[in-house]
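Comments concern the structure below.
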Amino acid sequence: MDQRIARFTLAGVADAEVSVHPFATEDGLGLNLTRFRRADSDDVVLLVHGLTTSSDMYIMPEHRNLVNFLHDSGFGDVWALDFRMSGRFPYDAETHRYTLDDVAQYDHPAAIAELRRHIGDGRRVHVISHCLGSVSFAMALFAGTVTGITSLTCNSVALTPRTPFWSRIKLGYGPAVLEYLLGPSHLDPRYGTAPVLTRGWMIAKAVGPFHPTCDEPACHMLSFMWGGGKPIFTHAKMSPVTHGRLPDLFGSVGVHYYRHVHKMVKAGRAVKYDPRDPRHAGLPGDYLSGAADVTTPILFLTGDRNHVFTDSNIVCHRTLEQVAPGLHELEILPGYGHQDPFMGAESATEVFPQVLDFLKRKAG
């Protein structure tokens with residue numbers, strides 16, 4: 001479909017005061033918070049994207065997005081984080097060795113500190129997160145690097161990552177094959193439009209035949225990058241406009257993150273990537289080890305057609321139910337996959353109301 005929406009646009013939230021708040025992490029990266037304020041509120045919502053996406057996933061103009069929905073529902077002060085995994089930054093197109101421990105140790109605490117600098121300490125903060133944003137924020141919460149969170153919503157995955165068999169194979173061998181044999185240290189959904197005979201173009205051409213569900217090369221690449229042999233969303237749930245914008249809504253993925261995800265999948269839970277790394281000495285080796293001390297209620301969302309992290313959140317809810325019975329909640333979304341709960345054309349009527357109900361019950 002022809003491009004009709006500007007890349008990195010803020011036009012999806014027209015009826016609000018928009019301000020951008022840059023901040024830096026202790027390990028030297030510049031990140032951003034974007035504030036969408038329609039009205040003052042005692043309950044502030046922070047939105048956290050996943051790997052390859054950005055704050056754009058919450059402000060899409062082609063349908064009623066989550067920020068507008070929250071504004072219309074009485075949550076007038078909404079913030080969106082762009083951390084080091086954001087497609088708005090160049091970090092994942094660079095050779096790096098970042099892990100989810102880095103995000104839990106540096107990004108989320110700095111983001112919450114910057115947020116509190118503007119809203120003060122007396123207002124309640126609710127976090128809505130997705131994909132590895134959910135994993136890393138839950139890691140930060142359970143490690144105690146962030147505190148004072150009134151509620152957390154995690155879509156698709158949290159502290160017990162589980163993937164299809166084919167994904168486990170890719171997670172285990174893919175990073176080394178890419179870095180040491182094929183050449184790139186990252187994967188990009190835009191490889192389909194790369195110059196002919198470049199490495200990226202050849203990877204996209206090799207991937208395409210295995211994903212016959214549509215004719216969008218970016219969709220094929222995203223399925224290869226994340227899906228267990230199937231798309232990362234249910235096509236019927238996505239607007240054709242969104243499907244045509246995939247190269248703008250998803251960025252490059254630094255493949256080293258896959259190594260940490262693979263270690264977690266093998267362990268069956270969120271664990272530290274390198275226990276010998278002195279920078280992360282204060283983080284737990286097993287992020288669930290202190291689960292009994294966490295009092296923040298969590299809503300676990302997952303589509304019943306999740307081909308990326310399968311039943312991860314069902315397992316996580318069951319695991320935490322044994323530790324803190326009745327504290328956390330699970331919502332299974334019929335017909336949805338991994339990405340479409342927040343980016344689907346009808347999410348405002350089929351998904352967001354469940355999130356809103358949870359927020360209202362946890363708000364003051």
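The values are calculated or read from the model by the stated rules, or taken from the named source; none is laboratory data. Not measured: the values here are computed from a predicted model. With ideal geometry, Cβ positions are generated from the backbone for all residues, glycine too; neighbour counts draw on all protein chains shown.
Which of the residues belonging to the stretch 78-97 are touching a Leu at 6+ places or on another chain (Cβ under 9 Å) and either of a type in the set (D, E, K, R) or farther than 19 Å from residue 22 by Cα (or both)? Spell out the reasoning first.
Keep residues of the stretch 78-97 that are touching a Leu at 6+ places or on another chain (Cβ under 9 Å), which gives 78-87, 89, 91-92.
Hits for the stretch 78-97 are 82, 84, 92.
Filter the stretch 231-289 down to the residues that are surrounded by 16 or more Cβ atoms within 10 Å (Cβ to Cβ) and assigned to a strand (DSSP E or B) and list them by number.
Scanning the stretch 231-289 gives 253, 254, 271.
Looking only at the stretch 324-340, decide whether some residue is acidic (Asp, Glu) and part of a strand (DSSP E or B). Break it down stepwise before answering.
Restricting attention to the stretch 324-340, the residues satisfying the condition of being acidic (Asp, Glu) are 329, 331, 340.
Narrowing further to those that are part of a strand (DSSP E or B): 329, 331.
Yes.
In the list 340, 293, which residue meets the criterion of being of a type in the set (D, E, K, R) and surrounded by fewer than 16 Cβ atoms within 10 Å (Cβ to Cβ)?
From the options 340, 293, the qualifying one is 293.
Would you confirm, using the coordinates I've provided, whether residue 66 is of a type in the set (A, V, I, L, M, F, W, C), surrounded by fewer than 19 Cβ atoms within 10 Å (Cβ to Cβ), modelled with pLDDT of 95 or more and farther than 15 Å from residue 133 by Cα?
So residue 66 does not fit the description; no.
Going by what's in this entry, would residue 322 be described as under 23 Å from residue 52 (Cβ atoms) and of a type in the set (S, T, N, Q)? Let's see the steps before the verdict.
On the way: under 23 Å from residue 52 (Cβ atoms): no; of a type in the set (S, T, N, Q): yes.
So residue 322 does not fit the description; no.
Could you please tell me which pairs satisfy a Cβ distance under 8 Å, a separation of 6+ or placement on different chains, a first residue in the stretch 3-15 that is in a loop (DSSP other than H, G, I, E, B), and a second residue that is of a type in the set (Lys, Arg)?
3/245; 5/245; 8/88; 15/38
Among 142, 137, 233, which is the only one that is modelled with pLDDT of 95 or more and touching an Asp or Glu at 6+ places or on another chain (Cβ under 7 Å)? Even if it seems obvious, please write down each step before you answer.
Working: 142 fails: touching an Asp or Glu at 6+ places or on another chain (Cβ under 7 Å); 137 fails: touching an Asp or Glu at 6+ places or on another chain (Cβ under 7 Å).
Selected residue: 233, the only one of 142, 137, 233 that is modelled with pLDDT of 95 or more and touching an Asp or Glu at 6+ places or on another chain (Cβ under 7 Å).
Residues in the stretch 291-298: is at least one closer than 30 Å to residue 241 by Cβ and part of a strand (DSSP E or B)?
Taking the stretch 291-298 and keeping what is closer than 30 Å to residue 241 by Cβ, we get none.
No, that holds for no residue.
Restricting attention to the stretch 271-319, which residues are among the hydrophobic types (A, V, I, L, M, F, W, C), in contact (Cβ under 8 Å) with a residue 60 or more places away in the chain and closer than 13 Å to residue 100 by Cα?
Within the stretch 271-319, the first condition is being among the hydrophobic types (A, V, I, L, M, F, W, C), and the residues that meet it are 271, 281, 283, 288, 291-292, 294, 298-301, 308-309, 314-316.
Checking the rest, the ones that are also in contact (Cβ under 8 Å) with a residue 60 or more places away in the chain come to 283, 288, 291, 294, 298-301, 308-309, 315-316.
If the condition is that a residue be among the hydrophobic types (A, V, I, L, M, F, W, C), in contact (Cβ under 8 Å) with a residue 60 or more places away in the chain and closer than 13 Å to residue 100 by Cα, then 283 is the only one that fits.
Table: residues versus (1) in a loop (DSSP other than H, G, I, E, B); (2) touching a strand residue (DSSP E or B) at 6+ places or on another chain (Cβ under 6 Å).
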{"site": "35", "(1), (2)": "no, yes"}
{"site": "53", "(1), (2)": "yes, no"}
{"site": "57", "(1), (2)": "no, no"}
{"site": "68", "(1), (2)": "no, no"}
{"site": "71", "(1), (2)": "no, no"}
{"site": "88", "(1), (2)": "yes, yes"}
{"site": "113", "(1), (2)": "no, no"}
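Could you tell me which of the residues 150, 193 is assigned by TED's automatic domain parsing to the domain that holds residue 302, in contact (Cβ under 8 Å) with a residue 24 or more places away in the chain and either surrounded by fewer than 18 Cβ atoms within 10 Å (Cβ to Cβ) or touching a His at 6+ places or on another chain (Cβ under 7 Å) (or both)?
On the way: 193 fails: assigned by TED's automatic domain parsing to the domain that holds residue 302.
Result: 150 is the single residue among 150, 193 that is assigned by TED's automatic domain parsing to the domain that holds residue 302, in contact (Cβ under 8 Å) with a residue 24 or more places away in the chain and either surrounded by fewer than 18 Cβ atoms within 10 Å (Cβ to Cβ) or touching a His at 6+ places or on another chain (Cβ under 7 Å) (or both).
Could you list, in sequence order, the residues of the stretch 239-269 that are without any contact (Cβ under 8 Å) to a residue 60 or more places away in the chain, over 16 Å from the mean Cα position of the chain (by Cα) and farther than 26 Å from residue 314 by Cα?
Answer for the stretch 239-269, where residues must be without any contact (Cβ under 8 Å) to a residue 60 or more places away in the chain, over 16 Å from the mean Cα position of the chain (by Cα) and farther than 26 Å from residue 314 by Cα: just 247.
Which residue is nearest to residue 133 (Cα to Cα), if the candidates are limited to the stretch 92-101 and must be surrounded by 20 or more Cβ atoms within 10 Å (Cβ to Cβ) and not β-branched (Val, Ile, Thr)?
Within the stretch 92-101, the subset surrounded by 20 or more Cβ atoms within 10 Å (Cβ to Cβ) is 92, 98-101.
Now narrow it down to the ones that are not β-branched (Val, Ile, Thr): 92, 98, 100-101.
Working: 92: 15, 98: 14, 100: 9, 101: 12 Å.
My answer is 100.
Residue-by-condition table, conditions (1) more than 19 Å from residue 152 (Cβ to Cβ); (2) buried (at least 22 other Cβ atoms within 10 Å of the Cβ); (3) not assigned by TED's automatic domain parsing to the domain that holds residue 348:
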| residue | (1), (2), (3) |
| --- | --- |
| 7 | yes, no, yes |
| 24 | yes, no, no |
| 35 | yes, no, no |
| 55 | no, yes, no |
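May I ask you to list the residues in the stretch 264-289 that are touching a Lys or Arg at 6+ places or on another chain (Cβ under 7 Å) and of a type in the set (Asp, Glu)?
The one that is touching a Lys or Arg at 6+ places or on another chain (Cβ under 7 Å) and of a type in the set (Asp, Glu): 286.
Please count how many residues of the stretch 37-51 are under 15 Å from the mean Cα position of the chain (by Cα), among the aliphatic types (A, V, I, L, M) and not in a strand (DSSP E or B). Spell out the reasoning first.
Narrowing the stretch 37-51 to residues under 15 Å from the mean Cα position of the chain (by Cα): 46-51.
Now restrict to residues that are among the aliphatic types (A, V, I, L, M): 46-48, 51.
From what is left, the residues that are not in a strand (DSSP E or B) are 51.
Total meeting the criteria: 1.
In the stretch 16-33, how many residues are assigned to a loop (DSSP other than H, G, I, E, B) and within 15 Å of residue 58 (Cα to Cα)? Before you say what the answer is, go through the steps one by one.
Filtering the stretch 16-33 down to residues assigned to a loop (DSSP other than H, G, I, E, B) leaves 16, 25-29.
Okay, now just the ones that are also within 15 Å of residue 58 (Cα to Cα), so 16.
Residues flagged as assigned to a loop (DSSP other than H, G, I, E, B) and within 15 Å of residue 58 (Cα to Cα) within the stretch 16-33 amount to 1.
Residues 25, 34, 9: which one is farther than 16 Å from residue 117 by Cβ and among the polar types (S, T, N, Q)?
On the way: 25 fails: farther than 16 Å from residue 117 by Cβ; 34 fails: farther than 16 Å from residue 117 by Cβ.
Matching residue, one of 25, 34, 9: 9.
Specify the residue that is nearest to the chain's Cα centre (by Cα); the eligible residues are those in the stretch 215-227 that are part of a loop (DSSP other than H, G, I, E, B) and under 27 Å from residue 94 (Cβ atoms).
227
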